[in-house]
Each structure stands twice: as C-alpha cells, then as structure tokens.
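Structure record follows, encoded as structure tokens.
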Amino acid sequence: MIMNSKTRKPSSTSNQKGGFDAQAFLDTAGVARRVKEFNKAEVVYAQGDVATNVIYLQKGIIRLSVVSEGGKEAVVATLGSGDFFGEGCLAGQTVRMGTATTISPVTALLIEKNEMFRILHEQPALSDRFIAFMLARNIRIEEDLIDQLFNSSEKRLARTLLLLARYGKDDSPHAVLPAISQETLAEMIGTTRSRVNFFMNKFRKLGFIKYNGGLQINTSLLSVVLHE
C-alpha cells in the first residue's frame with residue numbers, strides 16, 4: 001500500500017533554526033519520494049529489475065540476496081531501521097544486482113534517483129549521513145567476510161542475532177525480534193537448519209535468548225562471539 005497525503009501528511013524538512021532537517025526528509029513523503037509499506041516475506045525489488053530509486057528503511061528488516069546463474073542463492077546482507085539500500089543506481093547500475101525481501105513488515109521511503117542526487121549535492125547534512133552509512137556498511141561487509149572465513153557457525157549465528165537486534169547502534173535495540181525462520185537464519189550464516197536449531201536450543205538453555213511473543217536477545221550472547 002502506497003501512503004498518500006490522506007494517510008500520511010508530509011512535514012517540513014526544515015528544523016526550528018530554518019536549516020535542513022535530514023531526519024524529517026527521511027521520515028516523510030514529498031516531491032520525488034514516497035512512503036510504501038510491505039508485508040512480511042514480500043519482495044521490495046527483484047534481481048534484474050530496473051534500478052530507479054534509493055530506498056531508506058524507516059522500519060523493519062530487509063534481507064538482500066543474490067542468485068547465481070546455476071540457481072544457487074546466497075544472502076549477502078540484512079538491514080534494519082535507519083539503513084539505505086538500492087544505492088547501486090547512483091553508481092550507474094541500471095538493474096538490481098540482487099533481491100531485497102522483507103523479513104518483517106516494513107515501512108520504506110523510496111527516493112527517485114535524480115532526487116537523491118539533488119539532495120546529496122545540496123544538503124550536506126544528508127550527504128554526510130549517507131556517506132557515514134556507506135562507510136559503515138563497507139566495514140560490515142569486511143567483518144561479514146572475516147566472520148564467514150574464520151568463525152564457527154555458532155559464532156556466526158550469535159553475531160547475526162546481535163546484529164538483527166541492532167546491538168551497538170545508537171538507537172535503542174529491538175527488545176523482541178520479529179519471527180525469523182531457522183531456514184532464513186541458516187541461509188544468512190551459511191549452514192544447515194539442523195545446526196541452527198541445535199545452537200538456538202543451546203542459547204535458550206543458557207539464557208542468551210528467549211521466546212516471548214517473538215525472539216528476545218540478551219546482550220550476554222556477546223560472550224559467544226568474544227569467546228576464543
């Protein structure tokens with residue numbers, strides 16, 4: 001469902017001092033940008049689709065995946081509230097290189113490519129924020145690669161759960177994660193569902209996680225990641 005002015009009124013992107021408010025811009029619809037809601041397990045865009053916009057994730061969790069010519073699928077990233085994706089169109093990509101699928105209900109801001117170019121050039125506040133996100137994401141990709149190469153599946157699972165819970169973010173971490181299947185977790189960390197089931201039961205018995213209307217992550221799970 002696309003939210004129009006009857007369901008969500010655009011607000012000013014100026015702050016009280018008359019300057020540009022980057023967060024207000026990202027929280028509201030406006031010229032060449034629209035807010036759209038997606039259900040759980042819905043495709044936001046598919047590999048091979050025309051790339052025409054950058055997307056800001058206002059709420060929810062997204063899984064980015066790619067499929068090889070042989071049909072093998074790999075999960076390359078999971079993103080949460082406050083993250084951008086689909087930015088490849090700014091670097092000359094004409095089609096999507098992967099598929100973005102919702103893990104939970106999602107609210108997203110779709111910003112047309114030309115509008116994103118304009119606002120990045122004209123508004124340093126948003127430009128700085130976008131660059132900071134891209135740098136942090138590059139670091140995350142490097143950490144994911146190291147994690148995949150050198151850490152056990154147990155550590156990879158613990159790290160993935162903490163990342164999904166937004167551990168270490170400036171904003172408050174999610175107390176309870178939306179329901180995520182063990183098959184999806186297995187795809188994220190590159191192991192089997194049976195291994196994920198084994199470790200999830202182990203984490204639950206140790207008090208690192210609990211099921212309470214969803215999946216609740218205890219920050220003590222970090223001990224699994226740090227343990228040598």
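The values are calculated or read from the model by the stated rules, or taken from the named source; none is laboratory data. Please read these numbers as outputs of a predicted model, since none were measured by experiment. Every residue, glycine as well, gets a Cβ built from its backbone with ideal geometry; the counts of neighbours run over all protein chains shown. Heads up: the accessible areas ignore ligands, DNA and RNA and are worked out on the full protein's heavy atoms, side chains in. Shrake-Rupley method; radii C 1.70, N 1.55, O 1.52, S 1.80 Å.
Observations on the model:
- Annotation for the range 126-146 versus the range 69-103: alpha-carbon center distance of 14 Å.
- Residue range of the chain that is longest and free of trypsin sites (Lys or Arg not before Pro) which are both DSSP loop and sparsely packed (at most 10 other C-beta within 10 Å): 73-228
- Mean ellipticity per residue at 222 nm, deg cm²/dmol - from DSSP H runs of n ≥ 4 across the chain, formula -39500 (n - 2.57): -11000 deg cm²/dmol
- Amide H contacts for D83 (H built 1.01 Å from N in the peptide plane; partners 5 or more residues away or on another chain; cut-off under 5 Å): L57.
- One chain, two ends: V76 and A132. Fully extended at 0.36 nm per residue, the span grows by 18.2 nm beyond their Cα-Cα distance.
- Kirkwood Rh (inverse of mean 1/r, distinct Cα pairs), the chain, angstrom: 18.9 Å
- Here the range 79-163 exposes an accessible surface that is 60 percent carbon and sulfur, computed with a 1.4 Å probe and the other protein chains kept in place.
- The chain: relative contact order as a whole-number percent, Cα under 8 Å and 6+ apart: 18 percent
- For the range 45-137, accessible area per residue (1.4 Å probe, heavy atoms of protein chains only), Å²: 45 Å²
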